[in-house]
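See below for the structure under consideration.
The values are calculated or read from the model by the stated rules, or taken from the named source; none is laboratory data. Everything numeric in this text was worked out from a predicted model, so none of it was measured. No Cβ is skipped: glycine too gets one built from the backbone with ideal geometry, and neighbour counts run over all protein chains shown. SASA here: full protein model, heavy atoms, side chains in, ligands and nucleic acids out. Shrake-Rupley method; radii C 1.70, N 1.55, O 1.52, S 1.80 Å.
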Amino acid sequence: MTVIRAIVTDIEGTTSSISFVKDVLFPYARKRLPAYVETHVDTPELQHWLHEAAKEAGLVEASRQEVIDLLLRWIDEDRKSTALKALQGMIWKDGYASGEYRAHVYPEVAARLRAWRGDGLHLYVYSSGSVAAQKLFFQYSEAGDLTPLFGGYFDTETGPKREQASYEKIAAAIGEQPEHLLFLSDIVEELDAAKAAGFHTAWLLRPPLAMPAEPRHPAYTDFDAIAP
Ligand SMILES: CSCCC(=O)C(=O)COP(=O)(O)O
Ligand SMILES: [Mg+2]
């Protein structure tokens, strides 16, 4: 019997609702991005990510306004760009700190994460959101500060979530063979990539999503149904 030693979880659609990300976080960043860029334009971190975004789009000598327009378009397209995700994380910080919102987590998630940690399992996050955004998300969650539960965070700087190599890198960074790792996600292509790397997988299909008759991965409606 394989022993699961660590769990790697996705955020949006897995620990937390898609609507919190799409209807609260994305609009907050969209509204504030132009002013944020203007007021922080002299900071090296902002400069770096604006440059990376322009490079990703193949824009040469783009004006600041062109890069802002590009980023706003990418927010609308939900593009999983590392540069956009870094910038969104920087903007979201103010909203968490001022109490404008707290990150949604499904009702059973915090207790189940604590129970798994209590059983000796190590917990990690792998999300398209930047590592800084992931830490804010779990620090300011509706269930309180959950960051002490996690041993590490991975974002698209490790690689795209639909590529096998990303999961191989995560297993190496955790220091476990993939057969001892369980990946939780709502996106079947992410689970396919993790499985190809040798991970065990759990497909979260939160209600009202329908359970397929023959799911490609072990499928669950919530974390309490998963027995690692
Ligand atoms: C870190 S919270 C914001 C999540 C985000 O920006 C996103 O694109 C969600 O991606 P996930 O990989 O968690 O589905
Ligand atoms: Mg997801």
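Structure above, values below:
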item	result
Flag if A171 is within 16 Å of ligand 2 (Cβ to nearest atom), more than 25 Å from T221 (Cα to Cα), open to solvent by less than 20 Å² (accessible area, probe 1.4 Å) and not basic (K, R)	no
Residues satisfying the stated conditions in region 195-225, i.e. of a type outside the set (D, E, K, R) and in contact (Cβ under 8 Å) with a residue 60 or more places away in the chain	F199, H200, L204, F223
Test: residue in region 117-127 that is at positive phi and not assigned by TED's automatic domain parsing to the domain that holds R32	yes
Which listed residue is farther than 26 Å from V41 by Cβ, modelled with pLDDT of 95 or more and small (G, A, S), from A115, A86, A97	A115
Residue satisfying all of: in region 8-42; open to solvent by 60 Å² or more (accessible area, probe 1.4 Å) and β-branched (V, I, T); farthest from ligand 2 (Cβ to nearest atom) among these	T39
Pairs where the first residue, in region 99-120, is among the acidic types (D, E) and open to solvent by 20 Å² or more (accessible area, probe 1.4 Å) and the second is at pLDDT 95 or above and assigned to a loop (DSSP other than H, G, I, E, B), C-beta under 9 Å, 6+ apart	E108/D222
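Residues checked against (1) away from ligand 2 (no atom under 16 Å from the Cβ); (2) among the basic types (K, R); (3) part of a helix (DSSP H, G or I):
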site: A111; (1), (2), (3): yes, no, yes
site: R117; (1), (2), (3): yes, yes, yes
site: L123; (1), (2), (3): yes, no, no
site: S128; (1), (2), (3): no, no, no
site: A133; (1), (2), (3): no, no, yes
site: Y153; (1), (2), (3): no, no, no
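Residues checked against (1) in contact (Cβ under 8 Å) with a residue 24 or more places away in the chain; (2) farther than 14 Å from W49 by Cα:
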{"residue": "Q65", "(1), (2)": "no, yes"}
{"residue": "R79", "(1), (2)": "no, yes"}
{"residue": "L84", "(1), (2)": "yes, no"}
{"residue": "M90", "(1), (2)": "yes, no"}
{"residue": "K93", "(1), (2)": "yes, yes"}
